[in-house]
Every structure is written in structure tokens, then in C-alpha cells.
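What follows is one structure encoded as C-alpha cells, with my remarks underneath.
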Amino acid sequence: MAGSAPKTADGPVKPDYNIADAYVPADLGAQDWLIIAPIALTIIAGSILLILRKKTDLQAPLAIASLVLLVLFDFQLLLWVAAEGPQSMTMGRWLPPFGISFTVDVLGALLSFVAAVIALLAAVFASREIGWAGKRYGFYPFLLLLMTGVSGSFLTGDIFNLYVWFEVLLIASFGLLVLGSEKLQLDGAIKYSFLNLIATTLFLIATGYVYGVFGTLNMADITVKATALANSADSKAPLVTIAALYFLAFGMKAAAFPVNFWLPASYHTPRIVVQAIFAGLLTKVGIYAFVRTLSMVFGGLVFGSITTTLADIMAVIAALTMVLAGFGALAQDDVRRLSGYVVISGIGMMMAGIAMNTSVSLTAMTAYAVHSMVTMTALYMVLGLAGSLAGSFSMRKMGGLYATNPFLSALFLILVFAVAGLPPFSGFWPKLQLVRSGLETGYPWLVAAILFTGFLTTIALGRVWAHGFWRGGQSGTPDGTLALDHIGTSSDAALFSKMTLTPVALLVVASVILGIFAEPLMVMSEKAAASLLDPQPYIRSVFPDLTNEK
């Protein structure tokens, strides 16, 4: 039969290799399991919540308890990786690249930890914002499934499994997006899913191309082989094609220009807490995949001696993304759509850091990602509560919120300063480092774009403050003379309880702390940048036999 093994009179001929050489039994310590603990925990917890979906009173407590454990696991993992360098575990006890590896460095561990904190606070917020129907039809299982995909994306060392974890988080995000089945939600879901499915298809095509060229899907293995091929002119065409496909796929997922219109068209449609989770987490996974593949795996090509075309294109795309998003924010009347453009402008900032590809710029990119995860989540929560309080998300119909709820107004004003990059808030230091890197690397026009975008964002959010919070009433009414009876209380009075305001306040306090006490974050960000620019420790964690170091 075609394809059968050669035979002799004594039976099939045995292959001349020893398959046992690819199989390694090893005893793992308790600490080693931290690498996959976030994924295992969220899968198990999500499954339990799905089984208990009819027990709506148990959904929030069990989810919050699970996410507390997730935060603890991720924090321990971050401390371990920061102290001892990248760590790796290969599934099935098969040696890489045969087995599927989970490989964690400071960048992945840091973003995974921050994502877990945001998910925990969102779960607390949702315990009052999501009603019986939302809990019954899967909000908390979807949230845990989403965190499975997010954690898997940050911790995987296999590029095909990065695709798999993207699919997991997309499935969960579809469920969260349509929770409630309102017409506006379904419309937003169609736009969201269509563009993301195109990006996913490009991602899969690029990954198939990678396997055809390199014969492996392990990121560390690809990095070694791509570095060797980067100096060969004969290999330029396939490598540039792969890098360009990943550039487009991850650019779409991160909402970079010109394929970013899906974000403001869909992020304003779901529940307040879902909007906040999406703004804080989803685009950051796209940025992580962007920097992991284009800066580390194919960094020798994108920023190497063969061509700098992709790096230059990335810088131009970054500038257009942030500047046009700033103008887009100025043109909005709906504060939720406006917030979507603010998220996009932040994506441009992070792409600028990747394009410059220096230690300073990648440090700034990492710190800005943390800042954006915290502030964008809080911004959507605050504006969601403000819109519920005013009975509308249109700036023309808002007004008088400062007189009605000074605490919520103060939280918003702090977030305006943080997003604008003013000291002493969390956005200041990353923007300062981006400006410094741009001046040092000969990108003055990119620096101008960063500063101009900050100016546009400040004006856009300043309009929200002036019209929605400080003004005495709706558009067309004399300020200070309206009886504020247009300000309605939420249909669910619990929406403004301590269970909703406390998570928002904690995120705002975190933004202030990250600005005033910036050194720990900047140190972690420097380590993350070092692992991208010098992937040898990452590679050694997967293939320790490549050097004499243990």
C-alpha cells in the first residue's frame, strides 16, 4: 500500500532514529505549575460556572473567588520570572519543538497580571451592573473563558497556539457582546466579528506559511531560524511576506489605521462592564502579539539589515492611527464612541514604541500598555455610569453631573489628566520616554504626532467634562438655572453602590500610584524590553542545550 513502511521477511523495517530522544520525563516542582495555572484555573472555574448557570446567586461569588486566585497566581508568576528570567514548560513531556511550549517572560507575566486584576475588578463591578438574566445566560462563564484566552495568549510559546487562544477569547467576546440580544448589540457584533474573522484568517494563513518555511511553530525555534535567515537575500521574499501578513493581521486586531473602524462601531453597544473589559484587554492582546512576533521573532528582519521598510511603514501607521483617532474623538457626540477613539489613539502610541525598537521605546510601550489597560477600563466604567445617571450618552443631553455626583466627576477628571499624559499620573512617564526615544532615533515627526495627539485627546475629553459634568444642564438651557430634574437615577439603584464605585475608584487610584511611584513599573518594563531585544534568555528557557548555561 502506498505510504506503508518498508518490509523485510522479518517484518517492517524500524526507523534509524530513537524516538525516545524526543521524550523527556521530568519531575516538576510546585512553582513550575504556575506557568499553566492561570489557564487551567479559568477553564475549570468557567466550566463550573457554566454547570451552575441556573444558580445565579452563586455566579458572582464563585467568579470573584476564582479571579482572586488568578491574581495571586499571576503575581507569583511575575515575581518568579522577574527574579529568575523566562520560564518554559512543554506539554506532553515531549521536547520542543515537538511538544507545545508555554514560555513566560516579564512582558507576558506583567500583562497577564494586570489583565487578571482588571478582570477581578470588572467581576465585582458586574455583580451589581449585570442582572439576573445576564448571570443566567452566561456573563461570568464568558468572562472566565475570555480570561482563558487572554492568559493563554500572554503565556504561550507556540505561534499556532497563539492563534488558538485568540479564537478562545474571540468566542467569549462574541458571547459578551450580544448578551442582552438588543438590536444595537447585534449590529455591533456583526461589525466586530466580520473584521476580526478577516484578521484571524490572515493570522492562520501567515502561520501556515511559517510552518512551510521553518518546519516549526515554536516561537523560540522560529526566532533562531529567522535570525539565521535574516541576513540571506534569498530568504527575503518569504520572510517579508510572513512579516507583512502578521503586520496586517495583528494591526486589525489591535485596531490600527486603516482597519480600526470596527472598534468605535462596536465597543459602545454592550453593557458598561463589557465595554470596559474590551477596552482594557482585547486590543492589548493584539499589541502583545504584534510586538512578540514583529519585534522578537522576526525582529532581525523587520529591524535588521535586509530592509527597514516594514519598520518605517509601522511608524507611519502609528502616527496616522493616533492623529486620526484624535480627530475622530473630537467629532463625536456620543461619549462611548469618543472613548473608542481614545483607545485607538493609545494603540498608535504603543505602535510608535514598537516601530522605534529601542530599549527606551519598548520600555515606554510596555508601561503605556499597562497604563492603557488601567485607565481605559476605568474611563469606560465612569462614562458608563455617567450616561446611566444622565439618562443619555449624548453630550448634548448630559449636564449637571458634577452637582449631582461630585465623586464620579472627580474620578473622571483624574482620568482626563492621566489619558492626556499630565504628571503625576500614569500616562506621563511612558509618553515622556516615547518622546525621548523619538528624538534619539531620528523620528521628530513621530514625536510631533505623539504630542499633537495628546493635545487633541485633552480637548476631546475636556469637552466631555465641560458639557457633561461642569455645565448646569442640557444643551440649550441656561447653565446653573436648570433644576437638574433631567438627571435620572438608574433603573437599578444598586448600580451606584459601593460594589460598583469601589472598583472604579481603585483603578483611578492605581493610575495615580503608577504615576507617582513609577519606578517598579518602569523597572519591569525595562526587563520586558530587554527580553524582546535580546531573545537569548527566552530561547534558552526552551532550548537549554543551545548554550552551556543552565
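General observations
- ILE205 being over 23 Å from THR90 (Cβ atoms), in a helix (DSSP H, G or I) and in contact with a helix residue (DSSP H, G or I) (Cβ under 7 Å, 6 or more places away or on another chain): yes
- Each residue in the range 263-278 was checked for being over 16 Å from the mean Cα position of the chain (by Cα), under 17 Å from ILE347 (Cβ atoms) and among the hydrophobic types (A, V, I, L, M, F, W, C), and 1 of them qualify.
- Out of THR363, THR358, one residue alone is surrounded by fewer than 24 Cβ atoms within 10 Å (Cβ to Cβ) and over 16 Å from TRP465 (Cα atoms). It is THR358.
- Filter pass, ALA83 being touching a helix residue (DSSP H, G or I) at 6+ places or on another chain (Cβ under 9 Å) and either surrounded by fewer than 23 Cβ atoms within 10 Å (Cβ to Cβ) or not in a loop (DSSP other than H, G, I, E, B) (or both): no
- Residue in the range 268-290 that is crowded, with 24+ Cβ neighbours inside 10 Å, of a type in the set (Lys, Arg) and farther than 17 Å from GLY326 by Cα present: yes
- Residues of the range 496-509 that turn out to be buried (at least 21 other Cβ atoms within 10 Å of the Cβ) and modelled with pLDDT of 90 or more, as a count: 4
- Hits in the range 395-421 (condition: closer than 20 Å to LEU514 by Cα and touching a residue at least 12 places away in the same chain (Cβ under 8 Å)): LEU411, PHE412, LEU413, ILE414, LEU415, VAL416, ALA418, VAL419, ALA420, GLY421
- Count of residues meeting criterion [polar (S, T, N, Q) and surrounded by fewer than 24 Cβ atoms within 10 Å (Cβ to Cβ)] in the range 104-147: 1
- Residues satisfying the criterion are absent from the range 423-438 (criterion: of a type in the set (Val, Ile, Thr) and under 25 Å from PRO503 (Cβ atoms)).
- Top-ranked residue of the range 66-80 - restricted to ones that are over 16 Å from TRP33 (Cα atoms) and surrounded by 15 or more Cβ atoms within 10 Å (Cβ to Cβ), ranked as nearest to the chain's Cα centre (by Cα): LEU67
- Check on GLY400, closer than 26 Å to ALA319 by Cα, modelled with pLDDT under 90 and either buried (at least 17 other Cβ atoms within 10 Å of the Cβ) or in contact with a Phe, Trp or Tyr (Cβ under 6 Å, 6 or more places away or on another chain) (or both): no
- Residues that are under 17 Å from LEU281 (Cβ atoms) and part of a helix (DSSP H, G or I) do not occur anywhere in the range 355-364.
- Of the set (1) assigned to a helix (DSSP H, G or I); (2) farther than 26 Å from VAL114 by Cβ, all apply to ARG396 but (1).
- Among residues that are modelled with pLDDT of 80 or more and surrounded by fewer than 23 Cβ atoms within 10 Å (Cβ to Cβ), TYR246 is not included.
For every residue, the table says whether it meets (1) crowded, with 19+ Cβ neighbours inside 10 Å; (2) in contact with a Cys (Cβ under 7 Å, 6 or more places away or on another chain); (3) among the hydrophobic types (A, V, I, L, M, F, W, C); (4) in a helix (DSSP H, G or I).
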| residue | (1), (2), (3), (4) |
| --- | --- |
| TYR368 | yes, no, no, yes |
| VAL374 | yes, no, yes, yes |
| LEU389 | yes, no, yes, yes |
| VAL419 | yes, no, yes, yes |
| SER426 | yes, no, no, no |
| PRO430 | yes, no, no, yes |
| GLN433 | yes, no, no, yes |
| GLY438 | yes, no, no, yes |
| LEU461 | yes, no, yes, yes |
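- Taking the conditions (1) surrounded by 15 or more Cβ atoms within 10 Å (Cβ to Cβ); (2) within 25 Å of GLY134 (Cβ to Cβ); (3) out of contact with any helix residue (DSSP H, G or I) (no Cβ under 7 Å at 6 or more places or on another chain) in turn, ILE36 satisfies each one other than (2).
- Checking each residue in the range 315-342 for being free of Cβ contacts under 8 Å to residues at least 40 places away in the same chain and part of a helix (DSSP H, G or I) picks out only VAL316.
The values are calculated or read from the model by the stated rules, or taken from the named source; none is laboratory data. Note that the coordinates shown come from a computational prediction; the quantities given were computed from them, not determined experimentally. Positions of Cβ are generated from backbone atoms using ideal geometry, with glycine treated the same way; all protein chains shown enter the neighbour counts.
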